[in-house]
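What follows is a set of notes on a single structure, which appears directly below.
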Amino acid sequence: MTSDWPDGFMWGTGASATQVEGAPPGSDWYAWEEAGRVPRSGDGNGFATRCAEDFALYAAHGLTHHRLSLEWTRLEPQPGRHDHAEVERYRSMLQAGRDAGLSVWACLHHFVLPGWFADDLHGFRDDKQGRLVWSRHVDWVAETFGDLVAGWKPINEPTFYALGSHLLGVLPPGHKDRNEAADVLTTIHRAGADAARLLRTPATPVATVQALTPIFTVEDTVAATETADRLDELWWRSWADDEQLDAYDYLGFSYYSAIGVRGDGTLGRWPVNGTPGPQGYVPWAEGFAHVLERLAADHPGRRLLVCEAGIGTDDDERRKDYVEDVLGHVHDAITGGIDVAGLFWWTGVDNYEWHQGYDVRFGLFDRDRNPSPAADAAKAAALS
């Protein structure tokens, strides 16, 4: 394991409120749980009552940065009416992170929205109204929590959210409408930049969390090339507006798998003969090298941040191997001159994995807070 990481390199973990605290009543995801469309999230992994313990655990492993999300529905269960008990609870949570020596980053939208915003106001389908209400919320959050937040990652995986919610139908509201998806995609990227401008201060950096996936053609055919180009537009170019990116300090991203495009234009796994995980895709650590190299080439001069790196598996040895492979690829990128500011593991403690409930494990630690061999590998790098 290499020990020469840059001074100030950020080692961290990431999680979302719904996944560690459970879906809040009144949210669009909770409505899906009530309708039986997804498993119950319950109380998540207990983070709401064990956050101080978890922060201490991360700090002891050298993981001194953590991204959580401030759940909009809990903070503003009805439009314009804030829950002061929830405000104090989240402030106490942020303070607990600071007391443990962590720099806590906050996300404001991680797939889940208040029902009154998503349903009554049409969410991010309405560019003018949606961005106005969103910006008011962001401004209020900055005023309410800014003194305790070390950094911001305003919107998690905006491209995946737009496609998942309005084209693929796998996130609320579950629509499958190309025009709606295109509208939401445009609006949510603008909303992220709006938030970055409101949140950013000299002492509080802001990062994107773009979901990125390398795209390869399995066969050299016209159909494969056309499909690959359409996918490339969505995953790599829809957000790459320099005016919007200038609002951020870091070009941050998540990466989990690559996509292979078959000769007939349909999608498949990559590598073609790779071993898929429980969610159907092939966890392929080498993809980090492809992502980092492309970002550095397409966006020279921008600092990069790995916001999510992880593998869903019950095989702890496979998890350890994956973590070590990721470390190797990120280190090689840095050695090659690519400016990578940090690496956040997904996730710290096993949590609720959306449609898979608690059946897919991403944590460095299990729900009883026992470390896996991968936690030891992450610790060795962070404390080297």
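Descriptive notes on the structure:
- Answer from ALA118, ALA96, ALA106 - the residue that is on the phi < 0 side of the Ramachandran plot and in a strand (DSSP E or B): ALA106
- Close pairs (7 angstrom Cβ cut-off, 6 or more residues apart or separate chains): in a strand (DSSP E or B) in the stretch 10-33, of a type in the set (A, V, I, L, M) anywhere: MET10/ALA341; TRP11/LEU63; TRP11/LEU343; TRP11/ALA382; GLY12/LEU63; THR13/LEU63; SER27/VAL112; SER27/LEU113
- Members of the stretch 138-186 found to be surrounded by 24 or more Cβ atoms within 10 Å (Cβ to Cβ), of a type in the set (Gly, Ala, Ser) and in a helix (DSSP H, G or I), listed by number: ALA162, SER165
- Within the stretch 34-50, tally of residues that are free of Cβ contacts under 8 Å to residues at least 12 places away in the same chain and either part of a loop (DSSP other than H, G, I, E, B) or touching a His at 6+ places or on another chain (Cβ under 7 Å) (or both): 2
- Unique residue being open to solvent by 20 Å² or more (accessible area, probe 1.4 Å) and on the phi > 0 side of the Ramachandran plot when the list is GLY44, GLY8, GLY62, GLY22: GLY8
- Wholly within the stretch 278-384, helices (runs of 4 or more DSSP H) carrying at least 1 residues that are of a type in the set (A, V, I, L, M, F, W, C) and free of Cβ contacts under 8 Å to residues at least 40 places away in the same chain: 287-298
- Condition check for ALA285: modelled with pLDDT of 95 or more, out of contact with any Ser or Thr (no Cβ under 9 Å at 6 or more places or on another chain) and open to solvent by 20 Å² or more (accessible area, probe 1.4 Å): no
- Strands (runs of 3 or more DSSP E) enclosed by the stretch 216-275 - at least 1 residues per element that are within 17 Å of the chain's Cα centre (by Cα) and modelled with pLDDT of 95 or more: 250-254, 258-261
The values are calculated or read from the model by the stated rules, or taken from the named source; none is laboratory data. Since we're looking at a predicted model, the values are computed, not measured. Heads up, the Cβs are rebuilt from the backbone with ideal geometry, glycines too, and the neighbour counts pull from every protein chain shown. Accessible surface areas use protein heavy atoms only, side chains included; no ligands, DNA or RNA. Shrake-Rupley method; radii C 1.70, N 1.55, O 1.52, S 1.80 Å.
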